[in-house]
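Accompanying notes for the structure given below.
The values are calculated or read from the model by the stated rules, or taken from the named source; none is laboratory data. Being a predicted model, the structure only gives us computed values, none of them experimental. Don't worry about glycine lacking a Cβ; one is built from the backbone with ideal geometry, like all the others, and counts go over all protein chains shown. Just the protein is used for accessible areas: all its heavy atoms, side chains included, with ligands, DNA and RNA removed. Shrake-Rupley method; radii C 1.70, N 1.55, O 1.52, S 1.80 Å.
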Amino acid sequence: ATPGMAGTRGGAVNPLEPLLAKYRTIQGEITKLQTGASQATTQVCENELVLKELELLEEDAQVFKLIGPVLVKQELVEVKSNVNKRIEYIKADATRIERSLKAKNDEQNTVKEQIQALQKGK
């Protein structure tokens, strides 16, 4: 009788296993997305700070960009434009990450409900 009981218990737990694994996988993906969102926010702040600093400069100020070991002279207008484009790009990326994060949270809630339904059905 004992082997039969173990088999039954194994059968009852079995439907939960893939859901639990999926839940853990989604949790990992959410963590990665949250990290990406945090990095994007930090990058936007840094670039906005750079832009504020650039606004303080006179129009004829000399601006240099470090490319590898070399400082390369650039036009202030061009630098401001590049920083603005970078901010727009990072914000667009942050928006994409937020959408993905919302979708993953929704998916996680669905799996959580499925797990709870299976546990109640025991």
Any residue that is open to solvent by 100 Å² or more (accessible area, probe 1.4 Å), assigned to a helix (DSSP H, G or I) and within 26 Å of E17 (Cα to Cα) - is there at least one of those in region 90-98? no
Hey, any hits in region 58-70 for a residue that's touching a residue at least 12 places away in the same chain (Cβ under 8 Å) and part of a helix (DSSP H, G or I)? no
Are any of the residues in region 15-27 outside any helix (DSSP H, G or I), more than 26 Å from L101 (Cβ to Cβ), open to solvent by 80 Å² or more (accessible area, probe 1.4 Å) and at pLDDT below 95? no
Please go through region 38-83 and pick out each residue that is of a type outside the set (A, V, I, L, M, F, W, C) and within 22 Å of the chain's Cα centre (by Cα). S38, Q39, T41, T42, Q43, E46, N47, E48
Where residues in region 28-65 are aliphatic (A, V, I, L, M) and open to solvent by 40 Å² or more (accessible area, probe 1.4 Å), which of them is nearest to K104 (Cα to Cα)? L49
